[in-house]
Structure formats: C-alpha cells, structure tokens
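Student: One structure coming up, written as structure tokens, with questions to follow.
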Amino acid sequence: MVSKVAEAAAPALTRPRRRRVPPELGIFLVLIGIALVCEILGWIFVGQSFLMNVQRLKIMILQVSVIGIISVGVTQVIITSGMDLSSGSVVGLTAMIAASFAQSSTWGRAVYPALTDMPFFVPIGVGLLIGLLAGYINGQLITRMKIPPFIATLGMMVAARGLSKLYTKGQPISGLTDQFNFIGSGIWPVIVFLIIAVAFHVVLRYTRYGKFTYAIGANVQAARVSGINVEGHLVKVYAIAGLLAGLAGIITAARVQTAQAGMGVSYELDAVAAAVIGGTSLTGGVGRIAGTVIGTVILGVMISGFTFLNVDAYYQEIAKGVIIVAAVAIDGYRQKKRAKR
C-alpha cells in the first residue's frame, strides 16, 4: 500500500516547478500596448509618430517624475491598508514655503527681505521639514485619535491647501535663485525619481521596515501579536509619504521657477491611480515600487497620447476616471481569485 502511494506521489515530486511570472510583466505589457495604440492612431489621425518624437517623450517623462515621487510614498501607505489624499495639497504648501526661502535679493517683492539669497539647501530643508510634519500629523491623527485614514488625510488636504493660500494671501512667489531652480532643471527630476524608486524598492523588499509594512497591511492584528509596534510604524509610513510629497513640491517650484497655491491639484489622485494600476492592492499587503513606476509611466503615456491626438481635456479627465475605476475593479477581481486559492 505504501509503495502504491509512493508511486502515485513520484510524478508530483519530480514535476518541475513552474516559474512565477513577475506581476510587473503584465503591467509592462499593458504599457507597451498603450504606446503602440498611440503610435498607430498618431499615424492615422495626425500623420506623425508618437514614439519617435524625442522632445515629446522627454516632456512626458519630466511630467510624470513628480507624480512618481509622490506615488512611491502613497504606495507604502496603501500597502498598510491606508490612504493618503493630502499629498497634492502638501505639494502646493511646500512649494510655497520653500520658494519663499529661495528668493533672490534682486526681486523687489520678497516674502522675507532679510532672508534672500539663501543657500539652496535652506529652502530644500524647510520644504522637506514641512512635508515631513504634514505626514507626521496624518500618522498621529490616524494612530492616536483613531480617525480613519481617508478622513484624516482629507482634512489635511483641505487644511494644507488653505494654508498655502493664506501664506501669501493667494499671491504667487517668484524671483527664485538660480541655485534653487537648478534642482528642477534638465533631467534632474527624473534622476531624483529613479533614485527614490530604487531606494524604496530595496527598503521594502529587504529591510525590516518593508516586512513590517507588508505585515500590517496583510493582517494588522497578527502583526500586533507578533510584536510589531503598529502605531509607531504607521506614523513612520505616513511621515515618509509626506516627506516625499514635500520633495515633489520643491522640485515642482524649482522646475517652473515660481510657486503658486494651486500647485499639485489632483496630484494625490494621480498618485493613487499610478499605485493601483501598478498592482498595489487597496485592501493592503500587496504592492511593489517597480509596479508603481510602470503605472506612473502608463499614466504619462496616456496623458501625452491624448494631447498628441488632440483629445479634449475634458475627455482626458473622464478617461482618467475610468482608468482608476477599472484598476480598482481589476484589483478586486485579483483579490477574489487569491481568496479562492
């Protein structure tokens, strides 16, 4: 009897294991497909190539780099089964405050006349501190006051936008120094985005911080029982998300060489969309930075493709909304399949 069982089990034991296909491969194929569709439609309706225009691709990559930086932080929040709706407003607030410390003495309407011509690291440090503080407050509201992440970050979104308008009574801030503007010039925003993405890919995959982040998102009670300081870790995650939003605000101000209170509007939705398109599950515990990077590029290709094909901006917003809903629906389908397994 034992020999028969062994014989039956032998094929299963000797059968080679199927290699798991990286989840990012499917997302990357979607990216290729969208790019090819834009290329074909470009020749049909515009008579030009979409992919062979180097200048267009350069502009697209520069545009998505800021969203990508925010998305790296938002991805970590979503992995913990949380949400951050404040990142766009934090971009506007940090852009305004950082720019006010980056003005040149040659500009006649400086916010702080006695603090002009400051070294570039001063406005950068101030901006990062503001972003970090906003994220820290989000984390404290969620962990100490037990406010749901959606409501806590929604409150921060409204408050930060109001503060950015109040800071200079709605007036833009211009006359920034060349040292500060250099941060947003050329290919630097893309380089910063890639460095941030690679760094947090390694952090999430190989460090205790990453293991705790996934554990909390997968099962918060099990994580707490296993000895993880859930509240303390969540504060770190939201603080990092705020810090990255602050960095995005600094780069945005340096890139356009001015700061306005309306900067960053709807950036939080784009960041969430990029993370979800990239395979991050809204239920928590699942997500990779590599997927988020591809999701960010997909958004950039679609927006650039719509503009290239002369699609009305209103239709672009509708299409973006459809994409977000579709990504969430696909995520729900994946979760059901996972539960059945």
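Student: I need the full set of residues from segment 46-57 which are surrounded by 12 or more Cβ atoms within 10 Å (Cβ to Cβ) and either of a type outside the set (A, V, I, L, M) or within 25 Å of the chain's Cα centre (by Cα) (or both), in order please.
Tutor: If the condition is that a residue be surrounded by 12 or more Cβ atoms within 10 Å (Cβ to Cβ) and either of a type outside the set (A, V, I, L, M) or within 25 Å of the chain's Cα centre (by Cα) (or both), then Gln48, Ser49, Phe50, Leu51, Asn53, Arg56, Leu57 are the ones that fit.
Student: Right, next: What about Gly186, is it without any contact (Cβ under 8 Å) to a residue 24 or more places away in the chain and either open to solvent by 80 Å² or more (accessible area, probe 1.4 Å) or more than 20 Å from the chain's Cα centre (by Cα) (or both)?
Tutor: It is true that Gly186 is without any contact (Cβ under 8 Å) to a residue 24 or more places away in the chain and either open to solvent by 80 Å² or more (accessible area, probe 1.4 Å) or more than 20 Å from the chain's Cα centre (by Cα) (or both).
Student: While we're looking at this one, here's another question. Does Ile147 meet the test of being assigned to a helix (DSSP H, G or I) and either among the hydrophobic types (A, V, I, L, M, F, W, C) or surrounded by fewer than 14 Cβ atoms within 10 Å (Cβ to Cβ) (or both)?
Tutor: Spelling it out, it is not the case that Ile147 is assigned to a helix (DSSP H, G or I) and either among the hydrophobic types (A, V, I, L, M, F, W, C) or surrounded by fewer than 14 Cβ atoms within 10 Å (Cβ to Cβ) (or both).
Student: One residue is enough: does segment 296-315 have a residue meeting the conditions open to solvent by 60 Å² or more (accessible area, probe 1.4 Å) and not in a helix (DSSP H, G or I)?
Tutor: yes
Student: What's the number of the only condition in (1) buried (at least 17 other Cβ atoms within 10 Å of the Cβ); (2) in contact (Cβ under 8 Å) with a residue 40 or more places away in the chain that Val126 fails to meet?
Tutor: (2)
Student: Select from segment 129-144 the residues that are buried (at least 22 other Cβ atoms within 10 Å of the Cβ) and under 30 Å from Thr106 (Cβ atoms) and list them in ascending order.
Tutor: Within segment 129-144, Ile130, Gly131 qualify.
Student: Another question, then. Could you list, in sequence order, the residues of segment 80-136 that are touching a helix residue (DSSP H, G or I) at 6+ places or on another chain (Cβ under 6 Å) and charged (D, E, K, R)?
Tutor: The one that is touching a helix residue (DSSP H, G or I) at 6+ places or on another chain (Cβ under 6 Å) and charged (D, E, K, R): Asp84.
Student: Could you please tell me which pairs satisfy a Cβ distance under 6 Å, a separation of 6+ or placement on different chains, a first residue in segment 282-306 that is within 20 Å of Gln48 (Cα to Cα), and a second residue that is among the aliphatic types (A, V, I, L, M) and surrounded by 24 or more Cβ atoms within 10 Å (Cβ to Cβ)?
Tutor: Gly300/Val64
Student: Separate question: Taking segment 11-62 on its own, how many of its residues are at pLDDT 80 or above and either hydroxyl-bearing (Ser, Thr, Tyr) or in a helix (DSSP H, G or I) (or both)?
Tutor: 32
Student: Which residue pairs have Cβ atoms closer than 6 Å, lie 6 or more positions apart in sequence or on different chains, and pair a first residue in segment 78-90 that is closer than 17 Å to Leu132 by Cβ with a second residue that is among the β-branched types (Val, Ile, Thr) and part of a helix (DSSP H, G or I)?
Tutor: Asp84/Val74; Asp84/Val77; Asp84/Thr153; Ser86/Thr153; Ser87/Ile70
Student: Within segment 105-115, identify whether any single residue is closer than 30 Å to Thr283 by Cβ, open to solvent by less than 70 Å² (accessible area, probe 1.4 Å) and either of a type outside the set (D, E, K, R) or at pLDDT below 95 (or both), and answer yes or no.
Tutor: Within segment 105-115, not a single residue is closer than 30 Å to Thr283 by Cβ, open to solvent by less than 70 Å² (accessible area, probe 1.4 Å) and either of a type outside the set (D, E, K, R) or at pLDDT below 95 (or both).
Student: Answer yes if at least one residue in segment 234-243 is among the charged types (D, E, K, R), touching a residue at least 24 places away in the same chain (Cβ under 8 Å) and within 30 Å of Gln179 (Cβ to Cβ), and no otherwise.
Tutor: Scanning segment 234-243, I find no residue that is among the charged types (D, E, K, R), touching a residue at least 24 places away in the same chain (Cβ under 8 Å) and within 30 Å of Gln179 (Cβ to Cβ), so the answer is no.
The values are calculated or read from the model by the stated rules, or taken from the named source; none is laboratory data. Since the model is a prediction, treat every value here as computed from it, not as a measurement. Reconstructed Cβ throughout: ideal geometry from the backbone, glycine too, with neighbour counts over all protein chains shown. When the accessible area is computed, the model is the full protein with side chains, heavy atoms only, and any ligands, DNA or RNA have been set aside. Shrake-Rupley method; radii C 1.70, N 1.55, O 1.52, S 1.80 Å.
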